[in-house]
Amino acid sequence: MGFFKEMLNNNRRKSRPMPGKSTLTPRPVFPTVQENIQYLKEALFHTDDLVRQKVSIPGYTSEFLFMYTMCDQSKIREEIFKPILENKDGDLEGILISMRANKHDDLEKVIDLVVKGNAVLFIEGMEDCFVIEVGSSHVRNVTEPNNEKVVEGSHEGFVESVSINLQLVRKHIENRNLVVKRYKLGNETKIEAVIVYLQNLANPELIEEVDRRIQNIDADNISSSEFIEEYIEDKTFSPFPQLLHTERPDRVIGNLLEGRVALLAEGSPTALIMPVTFFAFYQSPDDYSFRSLQGSFIRFIRVCSFVFAIALPAYYIAVVSFHYEVIPEDLLLPIKSSIENIPFQPILEALFMELTIELLREAGIRLPGPVGQTIGIVGGLVIGDAVVKAGLVSNTMIIVVALTAIASFVVPSHEMSASVRMLRFPIMVAASLFGFIGIVYSLMIILIHLCSLESFGTPYLAPIAPFRWKDLKDTIIRMPQWALRQRSQDPAPQKLNQQSQPVEEERSDD
């Protein structure tokens with residue numbers, strides 16, 4: 001709790017005033033249909049996809065407007081024309097009820113609704129208009145995310161619709177304490193964003209801080225949750241992500257039950273989880289699908305891969321450039337024979353191969369699926385074999401670069417994987433200049449930065465710094481579910497106990 005209080009006080013001192021968002025003056029509905037239609041046309045700059053259509057309601061002069069690019073024609077037939085044709089008595093109230101129309105008296109709000117795909121009905125002599133929901137929706141099916149596949153467990157993934165994503169969350173948390181708070185972001189885009197949390201678990205100070213940062217966003221273009229991330233994270237220029245990206249509802253649910261907050265945005269299948277720690281990026285839903293021993297083993301390998309991915313090329317460069325004495329005698333001659341005819345320094349070898357791997361990876365992503373898989377395998381084999389035969393790169397360097405690439409791809413989070421791949425380059429340069437001393441100082445700088453970094457008041461390296469041994473049960477390893485009787489203290493939840501059995505009691509295995 002102390003972390004949140006200190007953070008809130010600091011942010012209040014540093015935060016700028018809330019940006020003034022432009023609001024249009026309300027415009028009452030005109031009594032004549034022609035004036036209303038003319039006002040909407042001028043407000044929308046006579047756009048060609050705005051359609052004007054007369055309707056025959058006995059005893060009334062009426063017309064409706066809609067944008068055909070945003071509306072479903074079958075809904076227009078069912079929701080507007082069908083009720084009018086079926087009611088030949090001129091019962092206006094009955095027609096409006098059949099249309100499920102909503103009454104409005106402000107044309108400025110009506111314009112926003114028309115842009116979103118609603119139709120508006122104007123009736124001569126009435127100072128109210130009626131909005132009918134006829135918007136078209138094109139949403140892909142709920143499928144497993146391509147970048148977060150699991151062996152066991154749920155295979156559901158978020159889509160680009162906030163309402164469907166919220167349904168996927170509520171389906172698994174049928175709890176009255178689940179709260180959804182909506183925002184409209186982007187002065188021009190005006191996309192819908194929501195935060196989701198459990199009222200009885202999430203820290204009120206955390207919710208207040210998340211709300212303050214979102215309300216403080218003042219930008220014309222907010223088109224996805226990734227845009228929001230840069231406005232609300234603690235340190236934008238840190239190489240490490242401070243919010244967890246996921247497209248899996250089960251991962252969001254697990255974090256909500258820990259007392260964290262999730263953010264979803266219309267048009268984006270990615271949810272942002274806050275606050276998070278470094279070890280959250282190395283956890284996967286598969287860890288909880290497997291038994292605890294298997295899950296702990298796999299998770300431990302992932303955490304170890306962080307060190308391999310950022311330090312292995314640098315270690316090799318330092319050894320062959322400065323510290324031959326650390327190489328065992330049996331390996332000294334093979335390594336010496338592989339590098340003695342190479343015309344370049346080890347740092348140039350490493351940079352060339354690492355950049356080649358990054359180019360192959362990027363090309364594999366941008367090309368169509370079957371071609372992308374082929375270029376990754378064939379391109380790697382052909383280039384690797386060719387550069388060795390040409391005497392440009394040693395065999396040992398190929399092995400080191402390959403192991404490094406594999407270690408960086410083990411990370412379940414794409415954002416953390418990108419950070420790891422970027423960090424290895426400055427460490428390689430330091431190793432080429434100062435050997436082991438350069439590596440040690442580089443790792444010390446990274447460690448100091450990790451210890452100073454926070455995510456919404458939560459220490460990024462918790463529970464290692466500050467050290468909390470009880471939270472180690474679900475970080476580098478995963479204890480059995482019956483042993484996880486307390487929630488993590490990282491998000492400062494309102495309730496620590498998550499099992500009815502007293503925490504002091506211990507289970508014994510025979």
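Quick notes
- Distance from the range 424-475 to the range 55-92 (C-alpha centre basis), Å: 64 Å
- Protein heavy-atom accessible surface, 1.4 Å probe, per residue over the range 33-133: 55 Å².
- Principal axis extents of the C-alpha atoms in the range 178-225 (largest first, rounded to whole Å): 35, 17, 12.
- For the range 136-255: rounded, prolate or oblate by the Cα gyration tensor [a/c cutoff 1.5]: rounded
- Cα-based reach from K116 at 14 Å (exclusive), listing aspartates and glutamates while leaving out same-chain residues under 8 positions away: D49, D72, E108, E133, E188, E192, E266
- Over the C-alpha trace of the range 126-169, radius of gyration and Dmax come out as 17.1, 61 angstrom.
- Taking other residues whose beta carbon is less than 9 angstrom from the beta carbon of V33, and scoring Lys, Arg as +1 and Asp, Glu as -1, yields -3.
- Note on the range 212-266: semi-axes of the ellipsoid equivalent to its C-alpha gyration tensor, largest first and rounded to whole Å, are 21, 14, 11.
- With contributions of -39500 (n - 2.57) from each DSSP H run of at least four residues, the per-residue ellipticity at 222 nm computed over the chain stands at -14000 deg cm²/dmol.
- In angstrom, the C-alpha Rg and Dmax of the range 229-328 are 18.3, 58.
- Share of carbon and sulfur in the accessible heavy-atom surface of the chain [1.4 Å probe, %]: 58 percent
- Exposed GluC sites (Glu not before Pro) absent - longest run of the chain, DSSP non-H/G/I/E/B, at most 15 other C-beta within 10 Å: 341-503
- Percentage of interatomic Cα-Cα distances in the chain larger than 30 Å: 62 percent
- What the Cα convex hull of the range 288-459 gives, in volume per residue, is 158 Å³.
- Dipole of the chain, positive end: most advanced residue of L107, L293, T143 [Cβ charges, Cα centre]: L293
- Solvent-accessible area per residue, Å², over the range 288-459 with all protein chains present [probe radius 1.4 Å]: 53 Å²
- Net charge of the neighbourhood of I477, taken over other residues with C-beta under 10 Å away and scored Lys/Arg +1, Asp/Glu -1, is +1.
- In degrees, nearest ten, helix 33-43 long axis to first principal axis of the chain (Cα): 20 degrees
- Modelled FRET efficiency - R0 25 Å, Q34 with Q73, Cβ distances, 0.05 increments: 0.50
- Angle in degrees between helix 436-452 and the longest Cα principal axis of the chain, rounded to the nearest 10: 30 degrees
The values are calculated or read from the model by the stated rules, or taken from the named source; none is laboratory data. Keep in mind that this is a model prediction, so the values were computed, not measured. A quick note on method: Cβ atoms are made from the backbone with ideal geometry, for glycine too, and the neighbour counts reach across all protein chains shown. Areas reflect the complete protein model, heavy atoms only, side chains present, ligands, DNA and RNA absent. Shrake-Rupley method; radii C 1.70, N 1.55, O 1.52, S 1.80 Å.
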